[in-house]
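Scroll down for the structure; my scribbles are underneath it.
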Amino acid sequence: MSLRGMSAISTSAPALTSDSFASSINTVTDCIDWQRPWLDHLAGFNPSQAGHCASVADFLNQVGSAPVHFVPQTALPQGQAYEQFIFATGTVPTRENLHDFFNGLCWLAFPQTKKKLNQLQAAEIAASGVQNLRGPVRDALTVLDENAAFLSAPAPLWDALEARDWQRLFVDLRPLWAQAKLVLFGHALLEKLVIPRKAMTAHVYRLPLALGDVSEWDKCVAESLSAEQLKSKPFLPLPVLGVPLWWQDNADFSFYEDALVFRPRR
């Protein structure tokens, strides 16, 4: 199954996932609170100051530079794999919804990583075709593309995260988060966080300390990815609203006592 075969994430507001938006980009994006800390790295793509754009694809093509061109969803031939089409044509079929809007922003902010993911997806499709079961590499690529976050943090935070020791991670070591940085990448995750809920969890991918701006993060991730490495599914779960200063409720440490969200390691 291709990524395009996956439906957009549902929310309590039906308009967020409708494919029948009016022609203005702001009709799609007015529901986004750009003050959320997890959108800091994408704030430069806030369309509120943009002129009228006929579609999401039109906006994405105008607002930044990507190694692909965004086209209407109707450009994707019926039955063709979404990822293979992107690889073959250098164009990204784009619907009028938040899911594809955030996917486009990730192409703009992380062009090298998105291109590498597409290359790896296309290679897997060329080797095995499109099947009901994607296999471990394509599964991992899908997880990364849809739900990943990149974390650069001191070793004690990583040790606590690996142990699922949430009390230590978010309470005892809370001051260390001033030396950490978490950047959200997965476009489905970004879409879901338009309406934040406590249980929303990212698949975290580890990056070294002392990286600079997002372009350095992009280069580092792209260079690190390989089919062999992805087979191990190198991710850790992190409830993103637990990150200090990301959600006002977590200032009360009883926030982390919810075992349905902050689950112990099995």
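The values are calculated or read from the model by the stated rules, or taken from the named source; none is laboratory data. All values reported here derive from a predicted model rather than from experimental measurement. Just the protein is used for accessible areas: all its heavy atoms, side chains included, with ligands, DNA and RNA removed. Shrake-Rupley method; radii C 1.70, N 1.55, O 1.52, S 1.80 Å.
Miscellaneous remarks
- Carbon + sulfur, % of accessible area of the chain - ligands and nucleic acids excluded, 1.4 Å: 52 percent
- Heavy atoms of the protein chains alone define the surface here; on that basis the chain has 46 Å² accessible area per residue at 1.4 Å probe size.
- C-alpha long axis of helix 136-147 to longest principal axis of the chain, angle in °: 80 degrees
- Among [x] 16.6; [y] 24.1; [z] 14.1, the entry that matches mean projected area of the Cα convex hull in nm² as calculated here: [z]
- Residue pairs exceeding 22 angstrom between C-alpha atoms, taken from LYS115/LYS198; LYS181/LYS231; LYS116/LYS233; LYS198/LYS231; LYS116/LYS198; LYS114/LYS231: LYS115/LYS198; LYS181/LYS231; LYS198/LYS231; LYS116/LYS198.
- Mean-position separation - Cα centroids, the stretch 249-265 and the stretch 164-238, in angstrom: 18 Å
- For VAL204, distant residues with modelled amide H under 5 Å away: ALA149, LEU236, LEU238
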